[in-house]
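The block underneath contains the structure these notes are about, expressed in structure tokens.
Only the coordinates and a few stated rules stand behind these numbers; no lab work does. The model shown is predicted, which means the values in this text are computed figures rather than measured ones. For neighbour counting, all protein chains shown are included, and Cβ atoms are generated from backbone atoms with ideal geometry for every residue, glycine included.
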Amino acid sequence: MSDYGRLFGRFDVESYFENENRKVLNTFNFRIFELLEQNQVFRDEEIRKLYDREREFELRMKSLPKIARQKEMEKLVIDISWKSSQIEGNTYSLLETEALLKDAREAKGKSKTEALMILNHKKALSYILENPDFFDKLTVSKIEDIHYLLTKNMGVTRNVRSFRVGITGTSYTPLDNSFQISEALEQTCRLINDKKNILEKAFLALVLISYIQPFEDGNKRTSRIISNAVLLANGFCPISFRTVEPIDYRYATLLFYEQNNLSEVKQTFIEQFEFSTSNCF
């Protein structure tokens, strides 16, 4: 299979994950940076379509009074905090999340950890919204800052880990050497900063931070929020991931871990960006 075919070829995801003896790429592939540098993630027609959606969103946003824009952004923070947490197994409903973030009312029968996960999302998103230009250029320390906000007071070690972690449901094993992890993050930042297309920058942040698994916990949360930080820093519509099913999101990311194939996670990104640009503001 060619490198391009491995990156973008289509998979029968259902059949693939039904096979418990599937052959996978067990370890982190440093060559992925070279492949992503050499290949454009989105086809020209995909770029045109997504940028048309972005322009429609921008025109709609500009037509709104300032107070209305602020309320819409508050709603978006709730949506992202809820869905990103739900993808991680959080059982708060959207209405319960709204009550928690707006009225500080914790849901009955839910754990303190679930509430804290959602509240930390709000803190991270608020930090980004207050400092959007800060994320115009990505650095490892900025990624670590967002991870810290997302996992604060949750018993998670701060900054890059120096020990092995496993991922449930796959034999892919992330890097376990702190120097290699740091190097992978540095290469991620260089790759993203060198790209010109804003959507490609955001997509690569979503994919690569999760693939590296640089932290003890909170990696996918960090990847989603950093992806949105890149979008917001460039005036683009953020992505709520509102309509994605957690199991579909998991399969899409696992397919990239195991085969370095972007097809499913790319389709998820496109669909969710289209949804956000059509339904936000």
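Per-residue answers, yes or no, for (1) in contact (Cβ under 8 Å) with a residue 24 or more places away in the chain; (2) of a type in the set (A, V, I, L, M); (3) part of a loop (DSSP other than H, G, I, E, B):
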residue: M73; (1), (2), (3): yes, yes, no
residue: I78; (1), (2), (3): yes, yes, no
residue: E98; (1), (2), (3): no, no, no
residue: K110; (1), (2), (3): no, no, yes
residue: E114; (1), (2), (3): yes, no, no
residue: H147; (1), (2), (3): yes, no, no
residue: M154; (1), (2), (3): yes, yes, yes
Taking the stated definitions as given, is L36 in contact (Cβ under 8 Å) with a residue 12 or more places away in the chain and assigned to a helix (DSSP H, G or I)? yes
Could you list, in sequence order, the residues of region 83-96 that are of a type in the set (D, E, K, R) and in a loop (DSSP other than H, G, I, E, B)? E88
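Scan region 176-198 for residues that are among the aliphatic types (A, V, I, L, M) and either exposed (fewer than 15 other Cβ atoms within 10 Å of the Cβ) or over 17 Å from N29 (Cβ atoms) (or both) and jot them down.
Of everything in region 176-198, those that are among the aliphatic types (A, V, I, L, M) and either exposed (fewer than 15 other Cβ atoms within 10 Å of the Cβ) or over 17 Å from N29 (Cβ atoms) (or both) turn out to be I192, I198.
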Answer with yes or no whether L25 is assigned to a loop (DSSP other than H, G, I, E, B) and aliphatic (A, V, I, L, M). yes
From the options K142, K123, K137, K152, residue that is closer than 19 Å to Y211 by Cβ and surrounded by fewer than 19 Cβ atoms within 10 Å (Cβ to Cβ): K142
Please enumerate the residues belonging to region 39-68 that are more than 22 Å from the chain's Cα centre (by Cα) and part of a loop (DSSP other than H, G, I, E, B). S63, L64, P65
What are the residues in region 1-23 that are of a type in the set (A, V, I, L, M) and surrounded by 14 or more Cβ atoms within 10 Å (Cβ to Cβ), if any? L7, V13
